[in-house]
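Written out below as structure tokens is the structure these notes cover.
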Amino acid sequence: MLYLVATPIGNLEDITLRALRVLKNVDIIACEDTRNTQKLLNHYEITGKQLLSYHEHNEEKMSDKIIEYLKENVDVALVTDAGMPCISDPGYILINKIKKEGLSVTALPGANAGLTALISSGIESYNYTFYGFLPRKTKELRNKLENILNSKTTGIIYESPYRIKNLITELVNIEPTREISIARELTKMFEQIETKSAQEVLEMIGGEIKEKGEFVVIISPNKNVDENIQVELSEIVEIIYKKVKNGEKKSEAIKNTAKEFNINKKEVYNLYHEKYD
């Protein structure tokens, strides 16, 4: 069995009892950096474990080796330096191969920097898109940011302390007033979460916001109303009006038409009453 084990993103207490039990019981622990994993094991007095180096540069090769162990009924745990495997960290290749081999995988939930930053930000958290690390090349980065800023869902981005200022600068160049949240040192002693406009955040970087530690950036969704949608809604209102003239109850016409076009019933209701009531 392969166990996907979430590890703390900062505070070592943020690990589940189940995760500790699995780490104690498995035969092998595949880890992104054996030194970091050893520190965690030492903290919880877990000894005698075989640590296998598994990272982005050897993932293809080591995946085959781990599958050999699993076929011999050896239990293996996969961990990363912090957080959940496969979330901007190695693991996908291995799990994909395991599924094709018909072997078993069990995921243990736990700490995640993106979601921790999201729920702490005060920005809408019902609908969100996780982007991880963005492209480094300027043109590709700008294109990606423009897409994110046009999205109707909240965006979650990871960034290193060496590129965080550049990322926020590019955001400001596109839309300086967009509300964002920037989080660093999550769960640690010097945890910092700032929710402000992109321009205000940029002015804080290098001063109040130290360029240290891993960063999570939360970008609020695009609230601008698309003019094309407005035209479409006005046409839908006319459809409802014709249905009502043909004898259909107003409430039923609004409900059925909203469902037919997969749009918000309340929004259509308000537009209809503005025009015809």
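The values are calculated or read from the model by the stated rules, or taken from the named source; none is laboratory data. In this text, all values refer to a predicted model and were calculated from it rather than measured experimentally. So basically every Cβ, Gly included, is an ideal-geometry build from the backbone, and we count neighbours across all protein chains shown. The area values use the complete protein model at the heavy-atom level, side chains included, leaving out ligands, DNA and RNA. Shrake-Rupley method; radii C 1.70, N 1.55, O 1.52, S 1.80 Å.
Structure summary
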item: Enumeration of residues in the range 102-115 that are open to solvent by 40 Å² or more (accessible area, probe 1.4 Å) and polar (S, T, N, Q); result: Ser104
item: Tally of residues being within 34 Å of the chain's Cα centre (by Cα), under 15 Å from Ile239 (Cβ atoms) and modelled with pLDDT of 75 or more across the range 261-277; result: 3
item: Enumerated strands (runs of 3 or more DSSP E) restricted to the range 23-117, each holding at least 1 residues that are of a type in the set (Ser, Thr, Tyr); result: 50-53, 105-108
item: Flag if Ser125 is at negative phi, assigned to a loop (DSSP other than H, G, I, E, B), surrounded by fewer than 20 Cβ atoms within 10 Å (Cβ to Cβ) and in contact with a strand residue (DSSP E or B) (Cβ under 9 Å, 6 or more places away or on another chain); result: yes
item: Leu118 open to solvent by less than 60 Å² (accessible area, probe 1.4 Å) and more than 13 Å from Ile219 (Cα to Cα); result: no
item: Test for Ser151: is it within 26 Å of Asn224 (Cα to Cα) and surrounded by 15 or more Cβ atoms within 10 Å (Cβ to Cβ); result: yes
item: Check on Lys99, open to solvent by 30 Å² or more (accessible area, probe 1.4 Å), more than 19 Å from the chain's Cα centre (by Cα) and free of Cβ contacts under 8 Å to residues at least 60 places away in the same chain; result: yes
item: Filter result for the condition that a residue is in contact (Cβ under 8 Å) with a residue 40 or more places away in the chain, more than 18 Å from Ala117 (Cβ to Cβ) and open to solvent by 10 Å² or more (accessible area, probe 1.4 Å), over Tyr162, Tyr158; result: Tyr162
item: Total residues in the range 128-162, condition of a type in the set (Ser, Thr, Tyr) and in a helix (DSSP H, G or I); result: 1
item: Members of the range 189-204 that are among the acidic types (Asp, Glu) and under 14 Å from Thr169 (Cα atoms); result: Glu200, Glu203
item: Contacts under 8 angstrom Cβ, first residue in the range 102-119 being over 18 Å from Tyr131 (Cα atoms), partner among the acidic types (Asp, Glu), 6 or more apart; result: Gly110/Asp14
item: Val225 being at pLDDT below 80 and not basic (Lys, Arg); result: yes
item: Some residue of the range 62-83 being without any contact (Cβ under 8 Å) to a residue 24 or more places away in the chain, open to solvent by 50 Å² or more (accessible area, probe 1.4 Å) and within 20 Å of Asn112 (Cβ to Cβ); result: no
item: Cβ pairs under 8 Å, 6+ apart, first in the range 130-155 and without any contact (Cβ under 8 Å) to a residue 60 or more places away in the chain, second of a type in the set (Val, Ile, Thr) and in a loop (DSSP other than H, G, I, E, B); result: Phe130/Ile87; Gly132/Ile87
